[in-house]
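This report refers to the structure that appears directly beneath it.
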Amino acid sequence: MAEKLAIDGGTPVLTRSNFKNWPIITDDDRRLINEVLDSGIVAGGTAPQVKGLEKEWAEYTGAKYCLTTCSGTAALHMALAALGVGPGDEVITSAFTFLASASCAIHQNAIPVFVDIDPKTYNMDPAKLEAAITPRTKVIIPVHIQGLPADMDPIMKIAKKHNLAVIEDACQAHGATYKGRMVGTIGDIGCFSLNNFKNVSGGEGGLFITNNESLKEKAGLVRCFGDEVDEVSKRRVYNASILGYMYRNQELPAAHARAQIMHLDENNDVRIANANYLTKELSKIPGVIPPYCPEGCKHVYFMYNVRFDPKAAGVDVDPKTFRIAVEKALYKEGMLLGQWQTMPVPGQDLFQSKLGYGASGYPWTINEDKGIEYDYSVGQYPEAQALCDNYTIVHGIHAPNGIDLMEKFVTAFKKVFANLDVALAHKDDEIYPGADGKLYGAA
Ligand SMILES: *Cc1c(COP(=O)(O)O)cnc(C)c1O
């Protein structure tokens, strides 16, 4: 007889105490953070931890230049500003990403345009990219979603053909590679996040890399108020030459990030081993679709994404209802899982209302006043929408969690999929799946 599901009063497969949190704090964090405390230097664009972080991330990625920022979002905006993107320019990104991949354009008075995803990789579909290009397009921002590199070769080819710059949003993909090349170094600029969730944590923070010296110089100005530094005295002159922001990082987050980078490869290896184990086992369960990693890519599994197919599971119910029922039943078994993005980014109110700044409707009205229309109806992104209906994120695949925990996940999946009728009977129970913040070092 099948075991009784926890959602039906049975015993859960696992408990919260089976999970270990992320990020992992080691003696390297303690040592480098103590260096900050002992030095008395807590901030500054040329301070030792910030400079060390920039040097080490440039070395790690193989980029010529690195600048650290206060967030990944700041790095993305800084990249657009450094490229000279301006009012009414269009910036193309993926329909399935975090808001910041698109809102960075609005911060520069530019207009985001979205491209639907490839249904297997969940990255921007290069076959749909060219149709989104207009005479106003300036930049393409492919996103290496959930740790899997976007298909950069065709994207770079199209960018070259149309003379467009490419900013890689690598905020989820520290250490991922595409055909042997480190993500972030393939386009003109690469941007990484250092928030506590990401594969490299600084608590908060960001990283900007480029091989282009003039882009680095311009970004450096944007990072610090647009304020020039006197070449001889090396002092700020308090005479802004361009519009800038305050996007500097600081010593304590930089020290933490440096310590995390020391362990990036070994921690990515644990994610990959856990993910490969789950993929091998979960692919045996009809109706479970594990993530896909194309030949030539190193996926670093910032997130482990699972999709569900009710038809393959032998159930006659719509994909969204099925996903919700399975999520709730797995959550009650003790798994931490749930959705991240719940809709394609253009579906968010910001794009549906196109309110932007104040009541002016900027930046859209810049072009709409000239008769150009922007349509963000989500029906244009059917693959991103289908994904949002039937995916969930399995939390806890990060180090130091190992195969023992993954085995429990597989047991929970098998248990629920052997009792789908029971899970579906509880589909409307008031249960709210997800991870608690503490799993990722958040309060
Ligand atoms: C996390 C993230 C960002 C923004 O990073 P922050 O450091 O949180 O500002 C941008 N793009 C993507 C795809 C992200 O996942």
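The values are calculated or read from the model by the stated rules, or taken from the named source; none is laboratory data. All values reported here derive from a predicted model rather than from experimental measurement. Methodologically, a virtual Cβ is constructed for each residue, glycine included, from the backbone with ideal geometry; neighbour enumeration extends over all protein chains shown. Ligands, DNA and RNA are excluded from the accessible area calculation, which covers all protein heavy atoms including side chains. Shrake-Rupley method; radii C 1.70, N 1.55, O 1.52, S 1.80 Å.
The table that follows gives values for the structure above.
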| item | result |
| --- | --- |
| Nitroxide proxy distance, nm - points 7 Å out along Cα→Cβ at Glu3 and Ser39 | 5.1 |
| Cα long-axis angle, helix 27-39 against the chain (0 to 90 degrees, to the nearest 10) | 30 |
| D_trans [Stokes-Einstein, Kirkwood Rh over alpha-carbon pairs] for segment 219-285, 4 °C, 1.567 mPa s, µm² s⁻¹ | 82 |
| Selected from Cys191, Ala418, Asn109, residue furthest toward positive end of dipole (the chain; charges at beta carbon) | Cys191 |
| Positive-end residue, the chain charge dipole about Cα centroid, Cβ charges, pick of Ser17, Gly379, Phe351 | Ser17 |
| Convex hull volume of the chain per residue (C-alpha atoms, cubic angstrom) | 153 |
| Whole-number percent relative contact order across segment 27-262, with pairs defined as alpha carbons under 8 Å at least 6 apart | 26 |
| Test item: Cα-centred dipole of segment 286-443, Lys/Arg +1 and Asp/Glu -1 on Cβ, debye | 440 |
| Accessible area of Met246 in the full protein assembly, 1.4 Å probe (Å², nearest 10) | 90 |
| Accessible carbon and sulfur surface of segment 27-262 relative to its total accessible area, %, 1.4 Å | 53 |
| Descending semi-axes in Å of segment 27-262, equivalent ellipsoid built from Cα gyration tensor | 30, 21, 14 |
| Integer Hz, Karplus 6.51/-1.76/1.60 couplings in order for segment 335-344, x for Gly and Pro | 6, 9, 7, x, 7, 9, 5, 9, 7, x |
| By average C-beta atoms within 10 angstrom, highest first, the peptides 71-77, 130-136 | 71-77, 130-136 |
| Net charge dipole size for the chain [Lys, Arg +1 and Asp, Glu -1 on Cβ; Debye, nearest 20] | 420 |
| Residue order for Ile431, Ile140 - accessible surface, 1.4 angstrom probe, largest first | Ile431, Ile140 |
| Loop sites in segment 350-405: GluC sites (Glu not before Pro), DSSP, at most 10 other Cβ within 10 Å | Glu373 |
| Cα lying deepest toward the dipole's positive end in the chain, options Pro87, Pro400, Leu129, charges on Cβ | Pro400 |
| Solvent accessible area, Å² - Val315, 1.4 Å probe, full protein context | 30 |
| Charge dipole (debye, nearest 20) of segment 1-43; +1 at Cβ of Lys and Arg, -1 at Cβ of Asp and Glu | 220 |
| Computed FRET value (nearest 0.05) for Ile403 with Thr46, which takes r as the C-beta separation and R₀ as 41 Å | 0.40 |
| Distance from segment 210-261 to segment 133-204 (C-alpha centre basis), Å | 21 |
| Distance violations [Cα-Cα > 19 Å] among Lys328/Lys427; Lys120/Lys160; Lys284/Lys414; Lys20/Lys198; Lys280/Lys328 | Lys120/Lys160; Lys280/Lys328 |
| Span per principal axis, largest first, for the Cα atoms of segment 105-220 (Å) | 39, 36, 28 |
| Estimated inter-spin distance, Lys160 and Glu213, nm [label 7 Å along Cα→Cβ] | 2.4 |
| Accessible surface, per residue, of segment 276-337 when the full set of protein chains is kept, probe 1.4 Å, Å² | 40 |
| At R0 = 45 Å, FRET efficiency that the Cβ-Cβ distance of Ser241 and His426 yields, to 0.05 | 0.15 |
